[in-house]
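Inspection log for the structure reproduced underneath, given as structure tokens.
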Amino acid sequence: MITLIQLAFDDFPITLLLLGLLTAAVSLAATHRERTAERVASTLLRWYLLYAVGLTFLVRFVLLAWFGDATPHLHGASPDGLQHQVTAAYLGFSLIGFLGVFGGLGLRLAAVVGSAAFLWGGALGLMLSTQPAGAFQPVETMRYADLLVPLIGFGLLAWQAKAQSRRSVFARSRL
């Protein structure tokens with residue numbers, strides 16, 4: 001049990017993604033409204049944005065802002081000006097993730113594309129940098145999550161856009 005809890009905290013982006021998908025499933029199961037493709041896609045994307053973008057980046061912001069010296073695996077850099085920039089970026093992406101929950105398709109697109117570009121750029125920069133062999137190990141698991149989680153966001157975004165395209169222009173703005 002302790003190992004499972006440790007794994008959940010070590011891979012918190014995956015844990016929060018799974019919690020978001022579980023919450024979306026519970027939300028869809030508990031509603032009495034019709035489960036159309038638009039509603040399912042919107043619900044899944046909304047909970048994805050809340051957990052996988054908003055909360056994940058908020059956790060990273062808190063860990064880096066207050067425990068930056070203890071969590072070098074989150075940013076792969078020494079505590080300097082870069083750490084403060086990354087901390088501010090984490091807060092910004094957290095906020096846009098939270099706003100995307102209540103926004104339209106354009107804001108959701110910005111949340112998914114922006115966070116994906118940031119995560120993929122950070123992963124690429126870390127892979128290209130020269131680090132000692134021992135320092136790279138804890139980063140690998142988080143970087144795999146950083147590469148895969150945005151792909152799920154793009155899939156959900158495409159699903160919502162496709163489902164929403166069948167509606168009238170006025171109804172699309174209210175989904």
* Matching entry among ALA135, ALA117, ALA111 (being open to solvent by 30 Å² or more (accessible area, probe 1.4 Å), modelled with pLDDT of 90 or more and not acidic (Asp, Glu)) -> ALA117
* Residue, modelled with the lowest pLDDT, within the stretch 154-175, restricted to residues that are out of contact with any helix residue (DSSP H, G or I) (no Cβ under 9 Å at 6 or more places or on another chain) and open to solvent by 70 Å² or more (accessible area, probe 1.4 Å) -> ARG174
* Would you please list the contacts, defined by Cβ atoms under 6 Å and residues six or more apart or on different chains, that run from a residue in the stretch 94-117 that is under 17 Å from PHE61 (Cα atoms) to a residue that is open to solvent by 20 Å² or more (accessible area, probe 1.4 Å) and not in a helix (DSSP H, G or I)? => none
* Taking ALA145, is it under 22 Å from ALA52 (Cα atoms), at pLDDT 80 or above and part of a helix (DSSP H, G or I)? -> no
* Got at least one residue in the stretch 40-63 being within 26 Å of HIS84 (Cα to Cα), assigned to a helix (DSSP H, G or I), of a type in the set (Gly, Ala, Ser) and modelled with pLDDT of 85 or more? -> yes
* To do: Kindly check whether there is at least one residue in the stretch 29-38 that is open to solvent by 20 Å² or more (accessible area, probe 1.4 Å), in contact (Cβ under 8 Å) with a residue 40 or more places away in the chain, under 23 Å from LYS162 (Cβ atoms) and not charged (D, E, K, R).
  => yes
* Take the residues in the stretch 16-39 that are outside any loop (DSSP other than H, G, I, E, B) and polar (S, T, N, Q), then tell me which one is nearest to GLY153 (Cα to Cα). => THR23
* To do: Give the number of residues within the stretch 1-37 that are modelled with pLDDT of 90 or more and of a type in the set (Ser, Thr, Tyr).
  => 2
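The values are calculated or read from the model by the stated rules, or taken from the named source; none is laboratory data. Remember, predicted model here, so these are calculated numbers, not experimental data. Ideal geometry is used to build each Cβ from the backbone, glycine not excepted, and the neighbour counts take in all protein chains shown. Calculation scope for accessible area: heavy atoms of the full protein, side chains included, ligands and nucleic acids excluded. Shrake-Rupley method; radii C 1.70, N 1.55, O 1.52, S 1.80 Å.
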